[in-house]
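Single-structure report; data block below.
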Amino acid sequence: MATPTSFSTCLSQKCVIAPEPIDKYRNYLTCNYSNLVSKRSIVSNAICVSGGLRQHCMQKERISMRNGVRCGALEVKNTKPSLSLGRKFELDDVIEAQQFDREILGNIFEVAREMEKVEKNSPGSQILRGYLMATLFYEPSTRTRLSFESAMKRLGGEVLTTENAREFSSAAKGETLEDSIRTVEGYSDIIVMRHFESGAARRAAATAEIPVINAGDGPGQHPTQALLDVYTIDREIGKLDGIKVALVGDLANGRTVRSLAYLLAKYQDVKIYFVSPEVVKMKDDIKDYLTSQGVEWEESADLMEVAAKCDVVYQTRIQRERFGERIDLYEEARGKYIVDKGVLNVMQKHAVVMHPLPRLDEITVDVDGDPRAAYFRQAKNGLYIRMALLKLLLVGW
Amino acid sequence: MATPTSFSTCLSQKCVIAPEPIDKYRNYLTCNYSNLVSKRSIVSNAICVSGGLRQHCMQKERISMRNGVRCGALEVKNTKPSLSLGRKFELDDVIEAQQFDREILGNIFEVAREMEKVEKNSPGSQILRGYLMATLFYEPSTRTRLSFESAMKRLGGEVLTTENAREFSSAAKGETLEDSIRTVEGYSDIIVMRHFESGAARRAAATAEIPVINAGDGPGQHPTQALLDVYTIDREIGKLDGIKVALVGDLANGRTVRSLAYLLAKYQDVKIYFVSPEVVKMKDDIKDYLTSQGVEWEESADLMEVAAKCDVVYQTRIQRERFGERIDLYEEARGKYIVDKGVLNVMQKHAVVMHPLPRLDEITVDVDGDPRAAYFRQAKNGLYIRMALLKLLLVGW
Amino acid sequence: MATPTSFSTCLSQKCVIAPEPIDKYRNYLTCNYSNLVSKRSIVSNAICVSGGLRQHCMQKERISMRNGVRCGALEVKNTKPSLSLGRKFELDDVIEAQQFDREILGNIFEVAREMEKVEKNSPGSQILRGYLMATLFYEPSTRTRLSFESAMKRLGGEVLTTENAREFSSAAKGETLEDSIRTVEGYSDIIVMRHFESGAARRAAATAEIPVINAGDGPGQHPTQALLDVYTIDREIGKLDGIKVALVGDLANGRTVRSLAYLLAKYQDVKIYFVSPEVVKMKDDIKDYLTSQGVEWEESADLMEVAAKCDVVYQTRIQRERFGERIDLYEEARGKYIVDKGVLNVMQKHAVVMHPLPRLDEITVDVDGDPRAAYFRQAKNGLYIRMALLKLLLVGW
């Protein structure tokens, strides 16, 4: 996004609190917006100079560029700005893991850490007050939906919810996704969408003037899962550079491990071990990508040996639905690499077991009590990551 | 509703703010309630004189007449009354388009205009704080449900929601609608109901002591759609008297166009054009009604000619489900009148294209970018109309 | 739960309001927690002595014992404590009717009475502000769900809702209930669960560190229904000792009447009449239990005679689904004992008709208008009981 110089300068100013209702300053704020080129722009903590007076303004409405230059409602907050000089965060939508670079990941994680500390009925728990999130689910995913809705409500926001969005495009009616999105964006401030078709989230984001978060689109992407996985490694191990990670189980079909491998490539000296039954091996595209990024990787058939040297053992479920009629292959694959007490026993003291959940028996329940069993903490981290994203997309830094 | 004189007089007084907790005044407020004859009555902005002191009281609970005379909780608001002398609005339920006269429509639209200006976290966005709306849907209608729920939440209210209300009267149980309503009204302050049977909303309203809004009852009524349609014409064209409206598409089955024709008859010098395939022509009852009301109407087979002279081209979807086995008739009807760039080209600059949504291909997508494409603004207007109705039914003017 | 003496003592102190932010006192509050042995403990209205200053602290977070000693966020409330000396209420979960003794019932009913008086937008309507309830329904029960959600929202709390929880453990995935609970407890502060399997609620409570309320687990328990039944008798008749209650209809399969009989046994001089078709007679276990508790009971085939002497006629629905192919037996049983005007005519003036709802025709609709028809008031009492339980479980007395 090309931001006009005058505005950038503006952002880097220190500020004082505006002593008057915002209406008085509105004209100062709107003057440069016509130069903005992105679909929409959050100008959070915008700082504007008017007649020698500097105001710190928290913009609570997005600026839409679609129907000409419009300026949303503005509200002057009596707060000390938390952003440092020139610091700025651009995030329009959350569509795929690939959109994040190392710096943005670091920023999101920093906000997620703040989210962990949000206490009930504190001012921080009300930062999304007045905002409405639409959870537009074209297929049910109760776990993901509840996590997003909890995140929104923990920050004082409200939720419109449907797991029945497929009804929009039911046989009898046949509405396009784009039309549904245009309708729903009229009712809400942000859309969290789950869809059964790969690419649906991107289409929704291209249509909507409000932010869209992809909560999984078919075999495509599930970027918030990828984020919470990396965040969990950072929280549990204390670092992301120089770590050794074992990816175990269904590496062919699991979008989770594929996204995770992709994101880990952004860090230094990472080593990845692939441990999987032959029928569900990691595909070449990810291997090639890792190689191209200078990330060491290795395939292994020995879970014990790998577990002993890794910081993270990331187990996944073998998905029966991927095997069709070949139940025999499924049963063989499924029993092959189980994380149990034996695996725990060879793991290092600081290492952790992760899993995107739900699990069947690929991690035995007697592992749950071990402090290194990180998978329920991992699920909880999903809450903080989603709180962070909602905050960043709706009110910015 | 027959309001006792003493109380009417009361309403027309100027007021001061009550300096004491409302309990002190409660006896003054309840004294005349036994004379009220309506099912229930919102006495909003009631003004009561006690010992020379005038209090302005915002009644936050409805007065139930059913189990004898009861007076709900009262709360003294530190507000200047916005109602002018003797101005009063009576609205118990919203059941059908026919219940509104021109004056009431004007009042609702005035409130809807105010609703457009409600800003996040402003006092206006909290006027329904503490109120609970039950969205009791006997069949899914995600679009309508989200619109109502957004409306309620934009005003600070809360929502209980079910799209599964049919479960109340499931085969095994067989509860009557009336019993379900009596249960749900114990949990909420207003019921928004969608039902598959014509007349269900009227039955619900006859049972409930709290307000009921019909969100569509089968082939029957969908009054909030009718209101938002008229409101949109008013907002887009700037007037309702003297307008020319083309109703296009399925005029036989669409309850939308039938209700719209009915409401337009309340305005002066309106001219309506019916443009539809032969199999789904407007029925005689509406034509006869328009004639009886002195409204000019005309059938035409030439969409281009009509579009050129109208202020509004109201397109509708040909509903496949109405054709049963006769797919051939459906396909013929469906392709006959399409609103495309060609139609736009003959339309006047100030005219608009409307559609109740969802659309299939009866409006081509290349029309969407034209400023005269009003259908997504129309959908958004549904939000403001519903906000207005919720406000009027729950706290009155 | 074994509470350490030092802490108990603490609870019995009078208190003053803490003049400083709670952080200053946090170390005083956490000191003794390691001695607590229960799964979790609400130390509501905890009173702590620090350097001669007594503080009244409302603990807003539960103390988890699972991952070592952690102390939740604390908040000092500027309130006068409503608890009397040494008065304390322990309630971890609500799983079955049997867990309540007479004293606890009395306490719950006392809070329910307070709940009846909670007015919109009063401070009392905000006591659960910031709290999140997850309604985790493995099968739909709209009535029960809406009642709980209304209760939570009437107290300022928020709700995460799913009637689709079965999707957690869908064939393809097969997650255990325990894993689902561990995930959901990360998103919420209390879980209200409906399940299709008897014992599921107990398993959930054993897993969760947050409170669990059983909203019905298959043929098992539905304790909040039992509580609201007893509460309704108390409210309608004014006492529970010395009452005469007729249980009518399906006594074999109805968990409602079985739980009610169980709870009534906790009161003095209660007499229970069983009036039911032969095929659905009350089972011996309950009869034996009543006898062992010294509760008089009697079977009768004459509803009129019984109705004439009872304080409560508790009618139930004959459940068709229990009869399988034997529709003939169902039809015979169903028509046998109907509560109609004739029954009303012999009932005493102070007596009431109750029913857990939904009803079919076992109470004729012409009974509804009689003041002794208490079943819709009974449904409403469910709201107050659930408000009371939510309050007690989340913030204590």
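The values are calculated or read from the model by the stated rules, or taken from the named source; none is laboratory data. It should be emphasised that the depicted structure is a prediction, and the values quoted were computed from it without experimental measurement. In this analysis, Cβ positions are derived from the backbone assuming ideal geometry, glycine residues included, and neighbour counts consider all displayed protein chains. The accessibility values were calculated without ligands, DNA or RNA, using every heavy atom of the protein model including side chains. Shrake-Rupley method; radii C 1.70, N 1.55, O 1.52, S 1.80 Å.
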Under 5 Å from the placed amide H of B:Asp361, counting only residues 5+ away or on other chains, we find none
Chains B and A: accessible area buried, summed over both chains, 1.4 Å probe, nearest 100 Å², reads 2700
Ignore the peptide's own chain and count Cβ atoms of other chains within 10 Å of each Cβ in B:160-169; give me the average, rounded.
6
Using +1 at the C-beta of Lys and Arg and -1 at the C-beta of Asp and Glu, which of C:Ile210, C:Ser188, C:Ile243 has the Cα lying farthest in the positive direction of the dipole of the range C:120-265?
C:Ile243
On the accessible surface of the range B:350-397, probed at 1.4 Å, how many percent belong to carbon and sulfur atoms?
61
Towards the positive end of the charge dipole of the range B:277-397, with charges on Cβ (+1 Lys, Arg; -1 Asp, Glu), say which of B:Met282, B:Gly324, B:Leu357 has the farthest Cα.
B:Leu357
Other chains' Cβ within 10 Å of A:128-140 residues: what's the mean?
3
Along the range A:276-291, Karplus-curve 3J(HN,Hα) (6.51, -1.76, 1.60; θ = phi - 60°) to the nearest Hz, with x for Gly and Pro, reads 8, x, 3, 5, 10, 5, 4, 7, 5, 4, 6, 4, 4, 4, 4, 4
Ranked highest first by the average count of other Cβ atoms within 10 Å around their residues, in what order do A:333-342, C:340-349 fall?
A:333-342, C:340-349
Give the span of the range C:150-228's Cα atoms along each principal axis, as three whole-Å numbers ordered largest to smallest.
38, 28, 22
Which net charge results when you count Lys and Arg as +1 and Asp and Glu as -1 among the other residues whose beta-carbon is under 12 Å from that of C:Gly294?
0
Per-peptide average of other Cβ atoms within 10 Å, ordering B:192-202, C:247-257 highest first:
C:247-257, B:192-202
Where a ≥ b ≥ c are root eigenvalues of the Cα gyration tensor, a/c under 1.5 meaning rounded, otherwise prolate if a/b exceeds b/c and oblate otherwise, the range A:243-307 counts as oblate
Can you tell me the equivalent ellipsoid semi-axes for the range C:348-389? Use √(5λ) from the Cα gyration tensor, largest first, whole Å.
21, 13, 7
Just to confirm a number: summing +1 for Lys and Arg and -1 for Asp and Glu over residues other than C:Ala374 whose beta-carbon lies under 9 angstrom from that of C:Ala374, what do you get?
+2
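What ranking, highest mean first, results for peptides C:113-120, B:111-118 when packing means the other Cβ atoms within 10 Å averaged over each residue?
B:111-118, C:113-120
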Using a label point 7 angstrom from Cα along Cα-to-C-beta, what distances in nm, from shortest up, separate A:Glu298 from the other copies?
8.6, 8.6
If each label sits 7 angstrom from Cα along the C-beta direction, how far apart, in nm, is C:Gly124 from its counterparts in the other copies?
3.4, 3.4
With viscosity set to 1.002 mPa s and temperature to 20 °C, compute the Stokes-Einstein D of the range A:88-140, Rh being the Kirkwood radius across alpha carbon pairs; µm²/s, no decimals.
155
With every protein chain kept in place and a 1.4 Å probe, the range C:112-179 has an accessible area per residue in Å² of 30
When each copy gets a label point 7 Å from Cα toward the beta-carbon at C:Lys239, what are the spacings between them in nm, shortest first?
7.7, 7.7
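I want the local charge near B:Lys341. Using Cβ-Cβ distances under 10 Å, sum +1 for each Lys or Arg and -1 for each Asp or Glu among the other residues.
So the environment of B:Lys341 carries a net charge of -3.
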Equivalent ellipsoid, the range B:296-363 (semi-axes from 5 times Cα gyration tensor eigenvalues, Å)
24, 13, 11
Across peptide C:353-364, what mean number of C-beta atoms from other chains lies inside 10 Å of a residue's C-beta?
3
What residues qualify as long-range amide H neighbours of A:Val352, i.e. H under 5 Å apart, gap of 5 or more or another chain, H built at 1.01 Å from N?
A:Val312, A:Val313
Just for the Cα atoms in the range A:189-259, what are the lengths along the principal axes, largest first, rounded to whole Å?
40, 27, 14
In the B-onto-C rotation, chain B's nearest residue to the axis by C-beta, with distance in whole Å, turns out to be B:Thr161, 4
Hey, got the dipole for the range A:273-320? About the Cα centre, +1 on K and R Cβ, -1 on D and E Cβ, debye to the nearest 20?
300
